[in-house]
Amino acid sequence: MNADVDILTYVEDPGAANLITGLSEALARHGLVLGTFAPPVLSGYLSAHGLPHTVVDDTTTAPELLHRHSARILAVGTSENPDTFAFELVDAARQIGIPGVGLVDGPANAAWRFRGRTESPLAHLPDHLTVPDDASAEAFRVLGVPHGRIRVCGHPHHDRIREARCTLERVGRSALRKRVFPDIPKEERIVLFLAEISDGLDPTQFVRTPDYTLSGSGDSDKRTDIVLEEVLGALAEIDPVPSLIVRLHPKNRADEFDRYRRAIRGFSSGGIAWEAIFAADMVVGMTTVLMLEAALLGRPVLSVVPRESEKPWLPAIDAEIISCVTRRDELRETLRRAVDDPTILRATSAESLILYGAAENLASFLAELIGG
């Protein structure tokens, strides 16, 4: 990577990485150079998505990185890590007068995105925020971020999904299924479960609480385990039982699901999830952004959350783009019907929630900041 960059961006989680899809090319049209940096844990994900980057290790300091590359703008994604290096970069950039931009991928956990180890939800807030939609903008306005510091840009990843859907449709689901799930007979239904880590910016949000309306088997208090147990229980009542494939989150390990090995047909991991999503008959998950991506790919999607209060974590649920259940009887009835007729899970078109052209929108905003 060239020593000098106009925009230095640091991303630590997949959600943030998705926001810079196509950004380098869009900035180049403005005559600007993007430099992307990430910790080792995210390198594989970035490579799989074709995003050039440089790995930053623990020996690099924030001032050193900014000075070494002569950055004119700092852009950081948010992370589930309260001690993320992104906060050091934001603080260092402020000290030397480099404008900072926070790249936010959705409204969930707005009060924890820039809190770090402090009590203030805006402790590490950069000078500006870019968000994908109005719901995300409102979540930060409520916290006290001025309207003029927030720019709604859409989500660059969604443009890429629209292009990918066209490609996948040309290949065809039958051909993809043979390639992605070669060991599953063609007459069996495939349910793809999108796993999430039972951790986050506020770990207490991802374990059992008294207001849970789903209980699982009772052997685990982890949110993902509880929901997976409920899904497995519901599928077991269907004849014939559909094949369940677990799509691992980049921070999941397959051995975390050892207790369910007898009921799980297989795992999907690494690379881009879209082929597995497109090849499956149905996608079931919680509130990961992959749920919206599955809807944009035209697949039947069902969100299963253990309590009503989690529905706003995924705006596509409130927009009635994705069906959602919170109780065991709802889940079992919905899955039973959806296995026979997956179209019952399709409601409002996902297109209604999307602002396309997001990479150019974001690039234009960054160019404005440099020009200003």
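Structure notes:
- Candidates are the residues of segment 244-259 that are hydrophobic (A, V, I, L, M, F, W, C) and not in a helix (DSSP H, G or I); the one that is nearest to residue 339 (Cα to Cα) is 244.
- The number of residues in segment 244-263 being within 16 Å of residue 282 (Cβ to Cβ) and either touching a Ser or Thr at 6+ places or on another chain (Cβ under 9 Å) or in contact (Cβ under 8 Å) with a residue 60 or more places away in the chain (or both) comes to 3.
- Residue within segment 112-133 that is touching a residue at least 24 places away in the same chain (Cβ under 8 Å), of a type in the set (Gly, Ala, Ser) and within 18 Å of residue 319 (Cβ to Cβ) present: no
- Matching residues, segment 352-372, being without any contact (Cβ under 8 Å) to a residue 40 or more places away in the chain and not in a loop (DSSP other than H, G, I, E, B): 352, 368, 371
- Matching residues, segment 150-174, being open to solvent by less than 50 Å² (accessible area, probe 1.4 Å) and more than 20 Å from the chain's Cα centre (by Cα): 150, 168, 172
- Qualifying residue in segment 301-309 (condition: in a helix (DSSP H, G or I) and not acidic (Asp, Glu)): yes
- Some residue of segment 321-331 being surrounded by fewer than 18 Cβ atoms within 10 Å (Cβ to Cβ), in contact (Cβ under 8 Å) with a residue 40 or more places away in the chain and basic (Lys, Arg): yes
- Within segment 276-309, the set of residues being in contact with a strand residue (DSSP E or B) (Cβ under 9 Å, 6 or more places away or on another chain) and surrounded by fewer than 20 Cβ atoms within 10 Å (Cβ to Cβ) comprises 281, 298.
- Remark: residue 130 matches the filter, which requires a residue to be in contact with a helix residue (DSSP H, G or I) (Cβ under 7 Å, 6 or more places away or on another chain) and over 23 Å from residue 297 (Cβ atoms).
- Check on residue 333, of a type in the set (D, E, K, R), modelled with pLDDT of 95 or more and under 25 Å from residue 298 (Cα atoms): yes
- Residues (of a type in the set (Phe, Trp, Tyr) and at pLDDT 95 or above) located in segment 182-234: 193, 212
- The condition of being aromatic (Phe, Trp, Tyr) and closer than 18 Å to residue 69 by Cβ holds for residue 10.
- Some residue of segment 224-236 being more than 16 Å from residue 284 (Cα to Cα) and either among the charged types (D, E, K, R) or buried (at least 16 other Cβ atoms within 10 Å of the Cβ) (or both): no
- Residue count for segment 332-350, restricted to those that are in contact with a helix residue (DSSP H, G or I) (Cβ under 9 Å, 6 or more places away or on another chain), open to solvent by 70 Å² or more (accessible area, probe 1.4 Å), part of a helix (DSSP H, G or I) and in contact (Cβ under 8 Å) with a residue 40 or more places away in the chain: 1
- None of 234, 276 is part of a helix (DSSP H, G or I) and in contact with a Ser or Thr (Cβ under 8 Å, 6 or more places away or on another chain) except 276.
- Checked across segment 189-212, the condition of being in a loop (DSSP other than H, G, I, E, B), more than 26 Å from residue 266 (Cβ to Cβ) and of a type in the set (S, T, N, Q) holds for at least one residue.
- Looking across segment 266-310, the residues that are under 15 Å from residue 223 (Cβ atoms) and either of a type in the set (D, E, K, R) or free of Cβ contacts under 8 Å to residues at least 24 places away in the same chain (or both) come down to 303, 307, 308, 310.
- Matching residues, segment 111-129, being open to solvent by less than 10 Å² (accessible area, probe 1.4 Å) and outside any loop (DSSP other than H, G, I, E, B): 129
- Selected residue (only one of 293, 320 is modelled with pLDDT under 95 and not in a loop (DSSP other than H, G, I, E, B)): 293
The values are calculated or read from the model by the stated rules, or taken from the named source; none is laboratory data. Note that the structure is a prediction, hence the values are computed from the model and not measured. Cβ sites come from the backbone with ideal geometry, for glycine too, and all protein chains shown count toward neighbours. Keep in mind that these areas ignore ligands, DNA and RNA; they rest on the heavy atoms of the full protein, side chains included. Shrake-Rupley method; radii C 1.70, N 1.55, O 1.52, S 1.80 Å.
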